[in-house]
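To start, the structure under review is shown below, and the notes come after it.
Each value in this text was obtained by applying a stated rule to the coordinates, not by laboratory testing. Everything numeric in this text was worked out from a predicted model, so none of it was measured. For neighbour counting, all protein chains shown are included, and Cβ atoms are generated from backbone atoms with ideal geometry for every residue, glycine included.
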Amino acid sequence: MEKAMLVWWTLVPPFGGKIDCQFNPSSITIKKENEWDSDQSTNFNAPFLRFKGGKNATYDLDLFFDSYADSSKPVDVREYTNQLLQLSLRGAGNAMFKLPYAAPPFVKFIWGKIVLFTAIVEKVEISYTMFAPEGVPIRAKAKVAFKQNDFIGLSDDLIPFQNPTSRTDARKTRFVHAGQRLDQIAYEEYGDARHWRTLAEANKMDDPFSLVDGQLLVIPQND
């Protein structure tokens, strides 16, 4: 069975990684709201509505962690849950990236063909439900709330069943895997490694050799 994961990355400086879900979620709830103004004109049974704009979409995940079932000698389940907490911290909790302008990372939930929109972690709640005799937590439930953060105009990635490597006429995106180079990706996308500059410019990369595992790239059309 394919496992769900949370892929995360920061922009300044570029840095990223992923968190594998120990157990796949049983449900995913996506919410999207819009704002409307009502025209208070008379002689109508109901006022005419004017569109003001959209609100950030959200989704919630309930995740379960159990270190007791994984080993004859249970380990502290916080080795798993602390990774979720770090998604709410500036620079993902890494001391090297606690710059004044740094922010918590961007996150994408991926499970097979399900690829949810780019988001940030708005809230994390963790309940420890089982403990070893010495008081070490070995089982936990986590509720994580995500809010859409459309940081580079990827408004079309709200649709949850979009494969990030599928070709579209709009903005295509893909994730970087460990060891990949920008010229290799350019060859795969355009058939010519020399187009790495196109990718570097589209992603505002000062250093084209600074790719990290899990980083999201925008793949522009090559006119």
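Brief remarks follow.
- Links that overshoot a 25 Å alpha carbon limit, given the list K31/K52; K18/K55; K143/K204; K31/K113: K18/K55; K143/K204
- Centre separation in Å (Cα based) which lies between the stretch 1-31 and the stretch 171-218: 21
- Working from label points 7 Å from Cα in the Cα-to-Cβ sense, the E35 to F48 distance is 2.2 nm.
- Förster radius 41 Å - calculated FRET efficiency between A193 and K123 (Cβ-Cβ, nearest 0.05): 0.40
- Charge tally in the Cβ shell below 14 Å around S127, where Lys, Arg are +1 and Asp, Glu are -1, S127 excluded: +2
- Length gained when the stretch M130-I114 is fully extended (0.36 nm per residue, less Cα-Cα span): 2.6 nm
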